[in-house]
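*Asks:* One structure, as structure tokens, below. Some questions next.
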Amino acid sequence: MRRAEIDDADVLSRFARRTFSHTFAADNDPADMAAYLALAFSPERQRGELAEPRRTGLLAELDGALVGYAYLMSGTPHEAVVAAHPVQLERFYVDHAWHGRGVATALMEAVLCASREGGGDVLWLGVWERNARAIRFYARWGFAAVGTQTFMLGADPQRDAVMRRAL
């Protein structure tokens with residue numbers, strides 16, 4: 001586990017596109033997927049996000065290969081999240097080949113540690129209401145649903161559950 005640096009943007013861009021596609025492509029319109037992937041995961045966008053002072057990127061690597069990543073963002077929470085020092089878990093993805101092998105557990109432990117070290121008192125996230133596997137995972141880590149929000153995938157407005165847990 002290590003902190004992401006701006007030099008990781010190209011590798012992270014490719015990994016993020018692949019894992020997001022693997023997770024969501026089968027359930028979404030290809031045009032909406034293509035639009036979102038181009039917007040959210042370009043190398044330039046990753047460089048900009050990694051340079052953001054309020055954002056922390058965490059990379060899970062095995063033998064020099066990226067197998068998972070998470071993005072944290074300090075600051076203003078969703079309206080349903082009450083906290084003095086909220087931290088948003090913006091992204092949390094593990095390569096499909098590594099599901100069920102402990103990578104997600106190690107990455108979540110790193111997320112919780114980094115959130116606490118950054119002074120956070122609540123960790124919150126948005127997760128697609130149709131992503132039952134992720135919702136179960138977050139519930140096992142003590143997250144509870146507190147609201148909903150809209151997530152735009154291309155031109156498709158989708159509903160996310162907003163979940164939170166105390167740190």
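The values are calculated or read from the model by the stated rules, or taken from the named source; none is laboratory data. Computed from a predicted structure; not experimentally measured. Note that we place each Cβ from the backbone using ideal geometry, even for glycine, and neighbour counts take in every protein chain shown.
*Asks:* Name the one entry in A144, A110, A114, A106 that is among the small types (G, A, S) and either in contact with a helix residue (DSSP H, G or I) (Cβ under 8 Å, 6 or more places away or on another chain) or free of Cβ contacts under 8 Å to residues at least 24 places away in the same chain (or both). Walk me through it before giving the result.
*Replies:* Numbers: A110 fails: either in contact with a helix residue (DSSP H, G or I) (Cβ under 8 Å, 6 or more places away or on another chain) or free of Cβ contacts under 8 Å to residues at least 24 places away in the same chain (or both); A114 fails: either in contact with a helix residue (DSSP H, G or I) (Cβ under 8 Å, 6 or more places away or on another chain) or free of Cβ contacts under 8 Å to residues at least 24 places away in the same chain (or both); A106 fails: either in contact with a helix residue (DSSP H, G or I) (Cβ under 8 Å, 6 or more places away or on another chain) or free of Cβ contacts under 8 Å to residues at least 24 places away in the same chain (or both).
Residue meeting the stated conditions: A144.
*Asks:* Looking for something outside any helix (DSSP H, G or I), at pLDDT 95 or above and in contact with a strand residue (DSSP E or B) (Cβ under 9 Å, 6 or more places away or on another chain) - is there at least one such residue anywhere in segment 4-14? Reasoning before the result, please.
*Replies:* Step one: list which residues in segment 4-14 are outside any helix (DSSP H, G or I), which gives 4-5.
The next check asks that each one be at pLDDT 95 or above; those that pass are 4-5.
Remaining after also requiring in contact with a strand residue (DSSP E or B) (Cβ under 9 Å, 6 or more places away or on another chain): 4-5.
Within segment 4-14, one or more residues are outside any helix (DSSP H, G or I), at pLDDT 95 or above and in contact with a strand residue (DSSP E or B) (Cβ under 9 Å, 6 or more places away or on another chain).
*Asks:* Kindly check whether there is at least one residue in segment 76-90 that is assigned to a strand (DSSP E or B), closer than 22 Å to R133 by Cβ and not acidic (D, E).
*Replies:* Taking segment 76-90 as the starting set, the residues that turn out to be assigned to a strand (DSSP E or B) are 86-90.
This time we only want the ones that are closer than 22 Å to R133 by Cβ, so: 88-90.
Those left that are additionally not acidic (D, E): 88-89.
Yes, there is a match, as at least one residue in segment 76-90 is assigned to a strand (DSSP E or B), closer than 22 Å to R133 by Cβ and not acidic (D, E).
*Asks:* Is it true that some residue in segment 146-163 is modelled with pLDDT of 95 or more, closer than 19 Å to E61 by Cα, among the hydroxyl-bearing types (S, T, Y) and not in a loop (DSSP other than H, G, I, E, B)?
*Replies:* Among the residues of segment 146-163, not one is modelled with pLDDT of 95 or more, closer than 19 Å to E61 by Cα, among the hydroxyl-bearing types (S, T, Y) and not in a loop (DSSP other than H, G, I, E, B), which makes the answer no.
*Asks:* Of all the residues that make up segment 3-17, how many are within 14 Å of the chain's Cα centre (by Cα) and basic (K, R)?
*Replies:* Kept after step one, since they are within 14 Å of the chain's Cα centre (by Cα), are these residues of segment 3-17: 4, 12-13, 15-17.
Filter once more, so that each one left must be basic (K, R): 17.
The total comes to 1.
*Asks:* Name the single residue that is farthest from H78 (Cα to Cα) among those in segment 113-164 being crowded, with 17+ Cβ neighbours inside 10 Å and in contact with a His (Cβ under 7 Å, 6 or more places away or on another chain).
*Replies:* Within segment 113-164, the match that is farthest from H78 (Cα to Cα) is G120.
*Asks:* All but one of (1) part of a loop (DSSP other than H, G, I, E, B); (2) within 28 Å of G154 (Cβ to Cβ); (3) not aliphatic (A, V, I, L, M) hold for G100; which doesn't?
*Replies:* Result: G100 passes all but (2).
*Asks:* Hey, can you tell me all the residues within segment 65-86 that are within 13 Å of L12 (Cα to Cα) and not aromatic (F, W, Y)? Show your work before the answer.
*Replies:* To start, the set of residues in segment 65-86 that are within 13 Å of L12 (Cα to Cα) comprises 65-71.
Listed by number, the residues that qualify are A65, L66, V67, G68, A70.
*Asks:* Could you check segment 98-111 and list, in sequence order, the residues that are over 13 Å from A134 (Cα atoms) and out of contact with any strand residue (DSSP E or B) (no Cβ under 7 Å at 6 or more places or on another chain)? Spell out how you get there, then give the answer.
*Replies:* From segment 98-111, those over 13 Å from A134 (Cα atoms) are 98, 101-103, 106-107, 109-111; that's our starting set.
Listed by number, the residues that qualify are R101, G102, E109.
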